[in-house]
Every structure is written in structure tokens, then in C-alpha cells.
Amino acid sequence: MSNSETPPSLYAAREPVFPKRVSGSFRNLKWGLMIFTLGIYYLTPWVRWDRGPNLPDQAVLIDLAHRRFFFFWIEIWPHEFYFIAGLLIMAGLGLFLFTSALGRVWCGYACPQTVWTDLYILVERWIEGDRNARLRLHRQKKLDFRKARLRVTKWIAWLLIGLATGGAWVFYFADAPTLLVDLFTGNAHPVAYSTLLVLTTTTFLFGGFFREQVCIYACPWPRIQAAMMDEDTLTVAYREWRGEPRGRGKKREGLGDCIDCNACVNVCPMGIDIRDGQQMECTTCALCIDACDEIMAKVGKPRGLVDYLALSDEPNERAGKPPKNVWKHVFRPRTILYTTLWSLVGFGLIFALFIRADIDMTVAPVRNPTFVTLSDGSIRNTYDVRLRNKNGEDRPFHLSITGDLALRIQLEGTANETVSVPPDSTKLQRVYIVATKTSEAAANETTDVRIWVEDTASGERAFVDTIFNGRAN
């Protein structure tokens, strides 16, 4: 190449995808799931749940101010974060399970990017028309009044959806009716406004302009999915042995069932041709199945030219034999392993949820100094004890110790060993443990001690093991 020649560009501009409207069972399934998931997302913050006079009445609330998570009758405290970790593990195992059984069904039906993109495309189709009308508008170079009106109307609708999306998200972190009033009156926290702005902007851009690019370039799952799939995974595929050679026209002697109408390409939200084989971009939304089945019905050919298939069925189908039963593809060692692990984690979380106590405490020895010698020669250790009352009313908590009989417990601010803890809250209590001058605990370096707390109203108890530091230190 001479120095005067311009090197070829390695960058290709995005070619916008304008999916054509299609009807069919998979499209109806996607509509139903979109309504269901968006309904849960937008409406959940407004569901009320009576927890008593001292607790919020929002059914699902992430209360960052008090560091708690409320889900209907379940209340998760900061030290119980393992519940959230367990749910995340279950979500990951569930994703592995569905991908190994049915390919990227999560991506095609329930991923937020897919759901909101579907909604944005629906709005775009309502305003600008179906695929051909949107293509003409896109290729129109001149910006006349009609094109400007349609574009502005569409963008305003997209922004309103993005605003509702960001608004619904912030409502999960505060009382929804109160926050709604504060947002309109300007009294909400700046974090609420900034979160609303960020989520509105990202929803507008991701659902309106980036669409398939988010799935191809930003999401790591297309590159991971191959490790979850094998030859028995059911995924959207083209029956090449039945459709090829493809061709149009009335004289179809020697041709396959595919009439090369490109219906499967025109409805694909990723802009790919499923006839080229399984591709990283494919989200297995199955809209190409609906489009192809509609064409096959019109030309009098059997449905299923594009269908959910497994690679292991190809030899049998080529030989004219029936494929494996669907359930043999779904239930195989890999999926059974994922289901077992998913179930074990779920049962473990349920078990932990039902056995957890309504009272709890943590003990932190005060290390500076490790002990104090009193005027009578006794040795005193200091502890900060945090008591948790998960009940809806005040509870009297009685503290005691077991171990060396020469040890006694004292509570700061009270003459006895009982302290009242407010409902559904924690209380930090300074506790002293004293050993007499002549006791072994006072002379030894350390002595094991168990601090007990008892809810005198219910009789429920909990304990924490710690140590008592003596003079040998």
C-alpha cells in the first residue's frame, strides 16, 4: 500500500435495527412476561404491610437509614446479610440452570434490558409505524416537520418511561407516598434526585439507542453462556437439513422449505439471521419462530423450520427419526445438579429464617485498658454489649454470666442486671465483669466467660462467649 492511500477503518458504525411486528405464542408470552415484570417493579413500592406502630408499613423497603431490609413479614438486619448472599447465589444457580436447559431464556424474556427495550420498541412502533415506516423515516435525510414531530414525541414518551423507571427505584428506599410528595415539592434528599436523573438517563439511552449493543458489548453473559450449554441444550435454531437449499419462486423442485423471505431476520431485535447458526448475539427470544411458523402456514409447509432444538437431535431428524423427548433434554445430570444445589441453598435459607431468634447480642471487650484494679483489689473488665430486640414492643433483657463463680456482672446506669430495649431496635449497653481479689480469674491471664441475655417476657435466651483478663497480663 502506498503512503498516499488511506488505511481501511477498523470501526463500523452501528446499523440501527427496526424489528417488524409479529404475532404468535412466543410473542404473546413475551407480552405477558413484560406486563408481569413491569407490574411487579412499578407497583411493589406501593403495597402496604401493617407491622405495628413502630415499624414502616411498606411491604418491600430497603431502609438504609436504619440498616434494614423489609420484605412483607420478613425483616433482615445488617448482621443477617447472609440471607441476601444466599438469594444472590440462588439467582446465579437459577441462571445456570435455565441456560443449560433452554439457552438464554433469561435474556430473551426477563432481563431488564430486554423488557425495557421491548417496551421502547412498542412505543416507537405506535408513534412511527411498523418496520418499513421506521426504515423510511430513518433513511429520510431531510428533517421536515413530520420527522421532527415524530422524533420529539417518541423521545418524550421514552423519557417519561425512564422517569417512571427511576422513580419506581427510589421508592424502594423510602416510604413511597411520602417520597412522592417530597419529590414534587422539592423537599426530597439530593440523593433521590440524582438517582432519579441517572436511572432516567440510562433507561432512555439503553432502551432507546443502545439496545442490542448493551447485550453484545456490555453484558458478559453472551460470552459465559457457552460454558453452561452442551449438545442437549434446547435453544432456538434453524433446521438446515429441511430448509436448504432455500429459494423463492413457484417452481420449487429440489428446494428446501425455506423460501428465503427473511421474515425471521426482519423480526429479530438483535438484527441477526438465525439461519447462519447459533450466534453469540441470539437471546433466544423465539420471535423468529413465530415469524417462520406464520410463513410456513401460508405456503402450506409444516411448522418448526425454526424451532427450539438440541444439537443431539440433528442426526435423528436428518435420518427421519423422531427426536428425543423434551424432558430428556431438560432433565439430565447437569440440570439435576444445578437444581439440587439451588434447592439446598433455598432450604438452608428457609431453615435459617425459621430458627433465628427474636433477640440477639454482640459483645466487644474494651481493650484500653484490658482491666482495671479497683480500690479493694478487685479486677474489672469492661464490655460494650449491643442488644437487639426484634419484637414490636419494649422487652426487658436480663444479663447474666456463667463460668468462674467469683465473677459478677454489673450494668452501667442500672442497679440490677435488667435493661429495657426499645421495640425493633438495638441498644448499646456498657457492662462490667468484676473478679474478687483472691479469685483465680483475677490471678490468671485469661478466663473463659459466657454472657447470657434472656428476654424475661418470652423466656428466649442467647449467649456470647468471651474472655476475662486478669492480672497475669
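Would you say ILE295 is over 29 Å from the mean Cα position of the chain (by Cα) and closer than 30 Å to HIS398 by Cα? The answer is no for ILE295. Within the stretch 289-307, residues that are touching a residue at least 40 places away in the same chain (Cβ under 8 Å) sit with their Cβ atoms under 8 Å from residues that are aromatic (Phe, Trp, Tyr), at 6+ positions apart or across chains, in these pairs: ILE289/PHE26; ILE289/TYR308; ASP290/PHE26; LEU305/TYR238; VAL306/TYR238.
Every residue, every condition in (1) modelled with pLDDT under 95; (2) surrounded by fewer than 21 Cβ atoms within 10 Å (Cβ to Cβ); (3) aromatic (Phe, Trp, Tyr), yes or no:
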site	(1), (2), (3)
TYR82	yes, yes, yes
SER100	yes, no, no
TRP106	yes, yes, yes
TYR120	no, no, yes
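I'd like to check something: does the stretch 138-146 contain any residue that is surrounded by 14 or more Cβ atoms within 10 Å (Cβ to Cβ) and not in a loop (DSSP other than H, G, I, E, B)? Looking through the stretch 138-146, none of the residues is surrounded by 14 or more Cβ atoms within 10 Å (Cβ to Cβ) and not in a loop (DSSP other than H, G, I, E, B).
Cβ-Cβ distances below 8 Å connect the following pairs, each with a first residue in the stretch 400-414 that is farther than 20 Å from ASP455 by Cβ, a second residue that is part of a strand (DSSP E or B) and of a type in the set (Ser, Thr, Tyr), and a separation of six or more residues or different chains: GLY403/THR447; ASP404/THR447; LEU407/THR447; GLN410/TYR432; GLU412/TYR432. With the condition kept exactly as written, say whether any residue in the stretch 382-402 is under 13 Å from ASN469 (Cα atoms) and not in a strand (DSSP E or B). No, that holds for no residue. Mind checking whether some residue in the stretch 35-42 is loosely packed, with under 12 Cβ neighbours inside 10 Å and either in contact with a His (Cβ under 9 Å, 6 or more places away or on another chain) or touching a residue at least 12 places away in the same chain (Cβ under 8 Å) (or both)? For the stretch 35-42, residues loosely packed, with under 12 Cβ neighbours inside 10 Å and either in contact with a His (Cβ under 9 Å, 6 or more places away or on another chain) or touching a residue at least 12 places away in the same chain (Cβ under 8 Å) (or both): absent.
Residues in the stretch 51-69 that are of a type in the set (Gly, Ala, Ser) and modelled with pLDDT under 85: 2 in all.
The single condition among (1) over 18 Å from ALA226 (Cβ atoms); (2) loosely packed, with under 13 Cβ neighbours inside 10 Å; (3) of a type in the set (Gly, Ala, Ser) that GLY277 does not satisfy is (1). Look at ILE295 and say whether it is within 26 Å of ILE121 (Cβ to Cβ), among the β-branched types (Val, Ile, Thr) and either out of contact with any Phe, Trp or Tyr (no Cβ under 7 Å at 6 or more places or on another chain) or exposed (fewer than 14 other Cβ atoms within 10 Å of the Cβ) (or both). So ILE295 passes the test. Look at the stretch 443-463: where a residue is assigned by TED's automatic domain parsing to the domain that holds LYS427 and part of a helix (DSSP H, G or I) and a partner is at pLDDT below 90 and exposed (fewer than 14 other Cβ atoms within 10 Å of the Cβ), sitting 6+ places away or on another chain with Cβ atoms under 9 Å, you get ALA443/ALA472.
The residues of the stretch 1-33 that are aliphatic (A, V, I, L, M) and modelled with pLDDT under 90, listed by number, are MET1, LEU10, ALA12, ALA13. Taking the criterion of being closer than 13 Å to GLU124 by Cβ and among the hydrophobic types (A, V, I, L, M, F, W, C), the residues of the stretch 153-170 that qualify are TRP155, ILE156, ALA157, TRP158, ILE161. Given the structure, is GLY167 free of Cβ contacts under 8 Å to residues at least 60 places away in the same chain, crowded, with 19+ Cβ neighbours inside 10 Å and either touching a Lys or Arg at 6+ places or on another chain (Cβ under 6 Å) or more than 16 Å from VAL306 (Cβ to Cβ) (or both)? Judged against the criteria, GLY167 is a match. Being in contact (Cβ under 8 Å) with a residue 60 or more places away in the chain and of a type outside the set (D, E, K, R) is a condition met by at least one residue of the stretch 242-258. Within the stretch 300-311, being among the small types (Gly, Ala, Ser) and in contact with a helix residue (DSSP H, G or I) (Cβ under 8 Å, 6 or more places away or on another chain) holds for GLY304, ALA310. Inside the stretch 268-290, residues that are more than 28 Å from the chain's Cα centre (by Cα) and either outside the structural domain of ALA237 (by TED's automatic domain parsing) or modelled with pLDDT of 95 or more (or both) make up a count of 2.
A single member of TYR172, TYR193 is in contact with a strand residue (DSSP E or B) (Cβ under 6 Å, 6 or more places away or on another chain) and assigned to a helix (DSSP H, G or I), and it is TYR172. Here ASN416, ASN469 are screened, and the one residue that is at pLDDT 90 or above and either surrounded by fewer than 18 Cβ atoms within 10 Å (Cβ to Cβ) or more than 30 Å from PRO53 (Cβ to Cβ) (or both) is ASN469.
The values are calculated or read from the model by the stated rules, or taken from the named source; none is laboratory data. Computed from a prediction, not measured in an experiment: that's the story for all the values here. As a convention, Cβ positions derive from the backbone with ideal geometry for all residues, glycine included, and neighbour counts pool all protein chains shown.
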